[in-house]
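The values are calculated or read from the model by the stated rules, or taken from the named source; none is laboratory data. Source: prediction; values computed, not measured. A quick note on method: Cβ atoms are made from the backbone with ideal geometry, for glycine too, and the neighbour counts reach across all protein chains shown.
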Amino acid sequence: MSDLPSKPDDASPSVIQLIFRDKAALYAAYIPLFSAGGLFVPTKQAHLLGDQIYLLIGLPGDAQRFPIVGKVAWLTPANAAGGRTEGIGVSFPADPVGKDLKQMIEKILGSMLASNKPTQTI
């Protein structure tokens, strides 16, 4: 038996709403290292690598919510080194929806993308 967390095969995918009220919060969560982009999602809910996650994302200054289906690409466990926030890294799909969301986020962040400021991501 493994000590890794497990979920039933028929477990429904998680649905998580993320609302970014300002650019600083979006910058802290955005993951440009994923080729299609992605976001850090703070959560205490158990997830496994490869799990599908339905995100409903609110971007700064936009009342619209953007739905996207991503995959868990990394896990930050509770009590992680450096006081990192517990959560998951969700990669966007390499489809038109994922590409559009990545472009919207990068347009909002603009020059902040070149910052050396620490983030919640890798």
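Any residue that is of a type in the set (K, R) and not in a helix (DSSP H, G or I) - is there at least one of those in the range 107-120?
In the first step, residues of the range 107-120 are kept if they are of a type in the set (K, R); the result is 107, 117.
Keeping just the survivors that are not in a helix (DSSP H, G or I) gives 117.
The answer is yes, given that some residue of the range 107-120 is of a type in the set (K, R) and not in a helix (DSSP H, G or I).
May I ask you to verify whether V41 is in a strand (DSSP E or B), touching an Asp or Glu at 6+ places or on another chain (Cβ under 6 Å) and either of a type in the set (A, V, I, L, M, F, W, C) or surrounded by fewer than 13 Cβ atoms within 10 Å (Cβ to Cβ) (or both)? The answer is no for V41.
Among residues of the range 51-62 that are under 17 Å from G89 (Cβ atoms), those with a beta-carbon under 9 Å from a residue that is among the basic types (K, R) and not in a strand (DSSP E or B) at least six positions away or on a different chain give the pairs D51/K7.
Close contacts from the range 26-39, counting a first residue that is farther than 18 Å from D95 by Cβ and a second that is of a type in the set (K, R), with Cβ to Cβ under 8 Å and a gap of 6+ residues or different chains, come to Y27/K117. Given the conditions (1) surrounded by 16 or more Cβ atoms within 10 Å (Cβ to Cβ); (2) under 24 Å from E106 (Cα atoms), report the number of the one that S14 does not fulfil. S14 satisfies every listed condition except (2). Within the range 91-117, the set of residues being in contact (Cβ under 8 Å) with a residue 12 or more places away in the chain and under 14 Å from A28 (Cα atoms) comprises I105, E106, I108, L109, M112, L113, S115, K117.
No other residue among G82, G61 is in a loop (DSSP other than H, G, I, E, B), modelled with pLDDT under 95, over 13 Å from the mean Cα position of the chain (by Cα) and surrounded by fewer than 14 Cβ atoms within 10 Å (Cβ to Cβ) apart from G61.
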